[in-house]
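Beneath this line is the structure, given in structure tokens, with notes to follow.
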Amino acid sequence: MKTASRILGTALFLEGFEVQDAPRYGAERRGAPIFAYVRASREPINERGIIRQPHLIIVADETLVPVPAAGVLSGITKITTLLVHSFESPETWQERLNTPARILVLPAADTVEEREDIPFVGTACAGAAARLVGEISREFLIEAIHHELAHLSPDIVQKNTEKAMEAYDLMASHEGYIKEDGDFSGGAYEKPDWVDLPFEEARRSAPAIHAAATSVEVKTGLWRTMRPVIDFEHCNRCWWVCSTFCPDSAIELGEDGFPEIDYDHCKGCMICVAQCPAHAIEAVAEHKPKAHAAEGVES
Amino acid sequence: MNETKTAFKRMKDLPSTHLLGTGTPMCAGCGGLQAIHEIYDILGEKTVFVNAAGCMTLLSVYPFTPFRGSWLYTSMGSAPAGAQGVRDALDILIQKKRIDSRENLNVVVLTGDGAANGIGMSATSGAIERDLDFIYICYDNEGYGNTGQQYSSATPHAARTATSKGPRGFPGYKKDLFSIWASHKPTYVATVVGAEPVDLARKVEKSKKMKGPRMLIALSPCPTGWDFNPMEAVEIGKLAVRTGVWPLKEYADGKVVHTKIPGRRPPVEEYLKLQGRYAHLFRPDRNETLLREIQARVDAYWDGVE
Ligand SMILES: Cc1ncc(C[n+]2csc(CCOP(=O)(O)OP(=O)(O)O)c2C)c(N)n1
Ligand code: SF4
Ligand SMILES: [Mg+2]
């Protein structure tokens with residue numbers, strides 16, 4: 001998404017806008033949610049920091065929508081257009097979210113069984129955004145992609161360009177949804193409603209954790225795009241292989257000597273799939289009913 | 001290795017439940033986390049970690065920790081000095097009978113290769129000189145992983161990093177941390193990799209029973225920094241051993257013993273070609289000169305092993 005924001009930013013810049021684009025990360029490593037912001041104006045931009053009331057929100061990974069910690073819907077109002085990269089329809093999202101925002105969907109290809117297409121989602125989002133803004137020409141979008149991906153091989157750049165242009169064309173009927181509006185002066189600034197914490201003496205305020213392994217509260221299972229599913233018919237019960245190699249301690253010996261995967265925490269690295277001597281673990285795309293069946297959840 | 005007294009003869013003997021908590025912020029497929037989870041199972045929960053800035057610093061960020069005991073975060077260069085303080089405090093508390101000797105803890109330094117080979121080296125050298133009773137775990141992802149994989153003194157020759165992006169990659173050579181440690185004549189030094197868990201388990205088991213300065217250097221395939229599919233992390237670790245790039249060995253009582261001597265070593269490029277950080281050695285054209293140089297260095301190493 002960082003690259004997507006840079007492509008959009010560069011394209012706007014080429015069109016003569018003043019632009020800010022910036023990624024925002026948490027402290028976490030690869031796989032955790034990341035945000036990127038783009039702010040553009042024909043006038044000099046004096047505003048800084050995160051965008052509190054976005055005109056456009058693009059969600060590349062739909063599984064983040066229900067995650068409160070990801071906060072992808074924060075600041076959403078009736079001026080917002082929400083574009084979700086999703087297998088579902090806009091109507092389904094409208095029903096789910098019941099928001100005043102306008103909802104569009106960038107359809108996710110159902111054939112994405114492998115991870116291969118996932119790296120192109122970012123450029124597709126940038127292409128869609130460019131059309132929604134309505135002020136970016138095909139030529140400048142392509143130039144921006146080539147500029148931002150200059151370090152990649154020509155065939156990868158080509159593939160990215162194709163994906164971006166596909167998305168650009170798909171959004172044709174929504175061209176210009178995103179409009180520039182009034183300037184944000186300092187006077188219009190609303191103080192965020194945060195809680196002021198009093199300054200306390202170190203003994204009280206210094207963090208100390210008096211419990212073991214509290215990290216289990218963090219559901220890293222949400223990072224997954226693919227889910228390892230054990231076929232118990234073929235599993236040899238050599239749990240020591242998958243359970244030892246799983247970096248996340250997310251596979252342990254369960255009942256009857258079979259390994260058990262903790263889907264709340266499995267990050268979807270698929271080391272178990274690669275290492276299972278019996279080839280009894282399959283990688284299934286998260287949205288497939290088969291993935292949910294593994295957890296005994298109705299899809 | 002002395003096979004007689006180990007509880008770990010084969011993979012089946014490895015722990016079936018794990019001490020390290022789930023839900024850490026490490027990347028999916030992190031080879032460093034894999035090694036730490038395997039090591040922690042055998043070290044046990046009576047362990048206090050002293051960490052220097054790096055990826056693993058994010059393991060314990062308030063209020064979350066995957067550990068079952070304490071954690072102390074120090075500056076990048078001073079984890080062994082921090083360990084000295086913790087060790088001394090424990091010794092004094094036990095001596096003054098303010099805590100029972102059964103409450104004693106293993107003091108373990110946990111840092112990356114950047115801290116271990118670079119800025120932390122003088123604190124380390126001092127700690128070994130003072131015969132500090134501690135275990136140092138260095139997870140070696142061959143670069144400054146946490147800040148975007150800039151080169152470190154453990155980066156191997158020709159690897160691409162954020163600071164060596166040219167057509168020949170990193171111009172320097174990987175520092176020999178094992179030998180630097182061994183030259184201090186500490187109690188124990190070993191190389192391990194999460195992909196060889198039985199070898200790793202035996203070494204942790206053995207070092208745990210010893211006193212004095214002990215070091216475990218864990219090669220840590222890093223999907224993010226080395227640019228490979230996270231799924232391949234174990235395969236890459238195994239290939240590092242089989243091709244001879246990562247010799248599994250230990251130092252004790254003044255002697256170096258190789259714990260796993262690869263029989264017929266496949267060409268090193270089997271290991272290199274799975275990693276994007278070496279892609280420039282294969283595309284657009286094969287860089288025969290560099291590939292031959294890398295192979296020759298590995299061959300020369302093993303020629304020197306009896
Ligand atoms: C004195 C100092 N310099 C620089 C940094 C910034 N920094 C934080 S983590 C890191 C990389 C450490 O590399 P390594 O020890 O190999 O650990 P890794 O990130 O690979 O896990 C750096 C340079 C720091 N924290 N302290
Ligand atoms: S950057 Fe590498 S070492 Fe750091 S958490 Fe990610 S995989 Fe692990
Ligand atoms: Mg490192």
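The values are calculated or read from the model by the stated rules, or taken from the named source; none is laboratory data. All values derive from a computational prediction rather than experimental measurement. Cβ placement follows ideal geometry from the backbone for every residue including glycine, while neighbour counts extend to all protein chains displayed.
For segment B:115-147, how many residues meet the condition of being within 14 Å of ligand 2 (Cβ to nearest atom) and out of contact with any helix residue (DSSP H, G or I) (no Cβ under 8 Å at 6 or more places or on another chain)? Number satisfying all stated conditions: 1. Counting only helices (runs of 4 or more DSSP H) wholly contained in segment A:123-218, the ones carrying 1 or more residues that are charged (D, E, K, R) and modelled with pLDDT of 95 or more occupy A:138-148, A:154-170.
Filtering segment B:7-27 for residues that are closer than 16 Å to A:Val216 by Cα and more than 7 Å from every other protein chain (Cβ to nearest Cβ) leaves a non-empty set. Taking segment A:237-277 only, how many residues are part of a helix (DSSP H, G or I) and either surrounded by fewer than 24 Cβ atoms within 10 Å (Cβ to Cβ) or at the interface with chain B (Cβ under 8 Å from one of its Cβ atoms) (or both)? Looking only at that region, the number is 13. Scanning segment B:91-114 for residues that are away from ligand 2 (no atom under 16 Å from the Cβ) and not in a helix (DSSP H, G or I) yields B:Lys96, B:Lys97, B:Arg98, B:Ile99, B:Asp100, B:Asn104, B:Leu105, B:Asn106, B:Val107, B:Val108, B:Val109. Scanning segment B:222-232 for residues being more than 12 Å from ligand 1 (Cβ to nearest atom) and closer than 17 Å to B:Gln150 by Cα gives a total of 3.
Could you check, for segment B:196-219, whether at least one of its residues is closer than 21 Å to B:Ala28 by Cα and more than 16 Å from ligand 1 (Cβ to nearest atom)? Yes; the residues of segment B:196-219 include at least one that is closer than 21 Å to B:Ala28 by Cα and more than 16 Å from ligand 1 (Cβ to nearest atom). Go through segment B:55-66 residue by residue and tally those that are at the interface with another protein chain (Cβ under 7 Å from one of its Cβ atoms), in contact with a Gly (Cβ under 8 Å, 6 or more places away or on another chain) and not in a strand (DSSP E or B). Adding up the residues that qualify gives 3. Mind listing whichever residues of segment B:126-171 are of a type in the set (Phe, Trp, Tyr), under 18 Å from B:Gln275 (Cα atoms) and within 8 Å of ligand 1 (Cβ to nearest atom)? Hit for segment B:126-171 is B:Tyr144, nothing else.
Selection of segment B:248-285 for residues being surrounded by fewer than 15 Cβ atoms within 10 Å (Cβ to Cβ), among the acidic types (Asp, Glu) and farther than 28 Å from B:Val189 by Cβ yields only B:Asp285. Within segment B:71-89, restricting attention to residues that are in contact (Cβ under 8 Å) with a residue 24 or more places away in the chain and under 26 Å from B:Glu205 (Cβ atoms), the residue that is nearest to the other protein chains (Cβ to nearest Cβ) is B:Leu72. If the condition is being facing chain A (nearest Cβ under 8 Å) and either part of a strand (DSSP E or B) or within 16 Å of ligand 3 (Cβ to nearest atom) (or both), then segment B:33-54 contributes B:Leu33, B:Gln34. A:Gln20 fulfils the conditions (1) within 24 Å of A:Glu175 (Cβ to Cβ); (2) assigned to a loop (DSSP other than H, G, I, E, B); (3) of a type outside the set (Gly, Ala, Ser) except for a single criterion, (2). Under 7 Å by Cβ, and 6 or more places apart or on different chains, what pairs join a residue from segment B:137-150 that is within 12 Å of another protein chain (Cβ to nearest Cβ) with one that is more than 9 Å from ligand 2 (Cβ to nearest atom) and among the basic types (Lys, Arg)? Taking only residues 6 or more apart or on different chains, not a single pair turns up. Here B:Leu59 clears all of (1) away from ligand 3 (no atom under 16 Å from the Cβ); (2) touching a strand residue (DSSP E or B) at 6+ places or on another chain (Cβ under 9 Å); (3) closer than 30 Å to A:Cys238 by Cα; (4) not charged (D, E, K, R) except the condition numbered (1). Could you tell me how many of the residues in segment B:240-263 are over 18 Å from the mean Cα position of the chain (by Cα), modelled with pLDDT of 95 or more and more than 15 Å from B:Asp199 (Cβ to Cβ)? The total comes to 4. Residues in segment A:184-195 include none that are surrounded by 10 or more Cβ atoms within 10 Å (Cβ to Cβ), within 27 Å of the chain's Cα centre (by Cα) and more than 14 Å from chain B (Cβ to nearest Cβ). In the set B:Gly148, B:Gly194, only one residue is under 17 Å from B:Ser220 (Cβ atoms) and surrounded by fewer than 17 Cβ atoms within 10 Å (Cβ to Cβ); that residue is B:Gly148. Scanning segment B:95-116 for residues that are more than 12 Å from ligand 1 (Cβ to nearest atom) and either of a type in the set (Val, Ile, Thr) or in contact with a strand residue (DSSP E or B) (Cβ under 7 Å, 6 or more places away or on another chain) (or both) gives B:Ile99, B:Leu105, B:Asn106, B:Val107, B:Val108.
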